[in-house]
């Protein structure tokens with residue numbers, strides 16, 4: 001039985017390329033981020049040592065960029081455009097489906113919605129050049145030495161592990177999605193109650209302010225618990241800057257509103273005292 005092929009490449013060989021370059025991408029990103037943060041930072045949204053965006057990206061290079069190898073400038077420009085489009089799509093898809101921003105280039109000049117930026121896009125071109133002109137020819141020779149039966153075994157094992165990892169990750173992402181929605185809901189409730197509290201400037205202001213402070217503290221504690229659960233589940237993902245549920249804005253808003261209520265309550269007491277002194 002002849003093995004199925006895609007654009008001249010055996011399917012098993014492409015699968016092995018995918019896992020190999022996904023692992024190399026994970027190693028590169030993990031080393032880079034660990035160096036920047038001066039501590040070990042495991043990259044990727046899966047639990048295993050793999051970044052599929054690199055595996056798929058290199059497959060795109062292998063399948064579609066090779067005809068351009070005789071034209072280095074055209075190859076580089078095409079690689080920059082195609083790989084940037086791929087990175088943008090993956091960023092958009094993950095943000096849309098999981099409500100989590102896995103990388104953010106907003107602090108870098110010439111970025112597009114924080115998903116891609118010019119320096120990284122140019123780096124994609126350089127990486128594409130290195131992979132196709134230097135790394136992949138050696139990888140191709142090495143993988144050609146693997147017996148067909150072993151290729152099937154390796155593909156089966158690797159795909160089984162990937163499916164298990166992806167299933168666990170999707171389950172955890174669903175949990176995080178519910179938690180982040182809960183954060184937003186609690187924040188909206190908090191802001192609404194703060195607004196209502198400021199509007200009820202009658203004789204029951206003391207009761208309103210007291211109840212509001214109690215409710216605020218309850219919701220803030222809930223948010224803190226959710227944040228801890230989030231960080232616990234996704235401590236393997238990357239920088240806390242990117243995956244941090246920011247409670248500081250809610251805290252600040254709540255404190256400002258409570259201070260405003262206390263100020264209004266003091267003002268109301270002064271007005272009552274002034275009325276009593278006149279009478």
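Derivation of every value follows stated rules applied to the coordinates shown; laboratory data play no part. Since the model is a prediction, treat every value here as computed from it, not as a measurement. Virtual Cβ from ideal backbone geometry, glycine too; neighbours counted across all protein chains shown.
Here are a few things to note about the model shown:
- Sole residue being part of a helix (DSSP H, G or I), in contact with a helix residue (DSSP H, G or I) (Cβ under 6 Å, 6 or more places away or on another chain) and surrounded by 17 or more Cβ atoms within 10 Å (Cβ to Cβ), chosen from 48, 25, 44: 25
- Scanning the stretch 118-140 finds no residues that are surrounded by fewer than 16 Cβ atoms within 10 Å (Cβ to Cβ), under 26 Å from residue 169 (Cα atoms) and in contact with a helix residue (DSSP H, G or I) (Cβ under 8 Å, 6 or more places away or on another chain).
- Note on the stretch 83-117: among residues that are touching a strand residue (DSSP E or B) at 6+ places or on another chain (Cβ under 8 Å) and touching a residue at least 12 places away in the same chain (Cβ under 8 Å), the one that is farthest from residue 60 (Cα to Cα) is 108.
- Scanning the stretch 109-121 for residues that are more than 17 Å from the chain's Cα centre (by Cα) and in a loop (DSSP other than H, G, I, E, B) yields 109, 110.
- Extreme residue, farthest from residue 63 (Cα to Cα), among residues of the stretch 128-157 that are touching a residue at least 40 places away in the same chain (Cβ under 8 Å) and within 30 Å of the chain's Cα centre (by Cα): 154
- Selected residue (only one of 92, 124, 103 is under 17 Å from residue 25 (Cβ atoms) and not in a loop (DSSP other than H, G, I, E, B)): 124
- Of all residues making up the stretch 141-168, the number that are within 16 Å of residue 22 (Cβ to Cβ) and crowded, with 18+ Cβ neighbours inside 10 Å: 3
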